[in-house]
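The values are calculated or read from the model by the stated rules, or taken from the named source; none is laboratory data. A quick note: this is a predicted structure, and the numbers were derived from the prediction, not measured. A quick note on method: Cβ atoms are made from the backbone with ideal geometry, for glycine too, and the neighbour counts reach across all protein chains shown.
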Amino acid sequence: MWHREPQERAGEPALRHRGRRGVRGVAPLAPGAAGPGIRTAVVSASKNCPRILEAAGLTGLFDARVDGNVATELGLSGKPAPDTFLEAARRLGVEPARAAVVEDALAGVEAGRAGNFGLVVGVAREADPAELEAHGADVVVADLGELAGG
């Protein structure tokens with residue numbers, strides 16, 4: 001999840017990734033590369049999220065993490081419910097309407113839309129782009145690198 005501070009332009013993508021598949025393309029979108037004033041959160045259903053981030057060299061790149069452990073602790077519903085994305089926005093101190101969700105699964109796109117996020121980006125890795133749009137994506141990209149101008 002990405003959020004740009006109020007003095008910056010709204011609507012910047014929010015980062016979300018799922019397991020090892022989701023790590024591809026994240027580095028260009030990491031906070032330092034995303035630009036000043038952009039806070040990020042990683043949202044994952046995996047209880048192994050901390051280990052996955054460490055193995056990928058992404059530990060410490062996010063301002064907040066909402067994973068399977070947090071969801072269990074707080075009793076958050078899984079996708080397509082927006083609960084984990086809403087908790088990430090809360091941890092970043094931003095209203096969902098001023099943040100975006102980047103998601104490669106149909107249920108995650110539905111969750112972003114259900115949470116009333118300002119922008120829902122579908123990443124068409126395995127899902128059909130038309131399906132992502134039908135489930136609520138505002139924009140569909142083939143790879144996260146497209147969001148970083150790649």
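Considering only residues in region 53-87 that are of a type in the set (A, V, I, L, M) and under 25 Å from residue 131 (Cα atoms), the one that is surrounded by the fewest Cβ atoms within 10 Å (Cβ to Cβ) turns out to be 81.
Taking region 69-150 as the region of interest, the helices (runs of 4 or more DSSP H) fully inside it that hold 2 or more residues being touching a strand residue (DSSP E or B) at 6+ places or on another chain (Cβ under 6 Å) and within 21 Å of residue 49 (Cβ to Cβ) are 83-92, 106-114.
Residue pairs whose Cβ atoms lie under 6 Å apart, separated by 6 or more positions or on different chains, with the first residue in region 119-138 and on the phi > 0 side of the Ramachandran plot and the second assigned to a strand (DSSP E or B) and crowded, with 18+ Cβ neighbours inside 10 Å, are 136/120.
Taking the listed residues 75, 108, 145, the one that is on the phi > 0 side of the Ramachandran plot and of a type in the set (Gly, Ala, Ser) is 75, with no other qualifying.
Every condition in (1) within 14 Å of the chain's Cα centre (by Cα); (2) β-branched (Val, Ile, Thr); (3) at pLDDT below 90 holds for residue 66 except the one numbered (3). Looking only at residues that are modelled with pLDDT of 90 or more and in contact with a strand residue (DSSP E or B) (Cβ under 9 Å, 6 or more places away or on another chain) in region 36-52, which one is farthest from residue 83 (Cα to Cα)? Taking the candidates together, the pick is 50.
Summed over region 69-97, the residues that are modelled with pLDDT under 95 and in contact with a Gly (Cβ under 6 Å, 6 or more places away or on another chain) give a count of 1.
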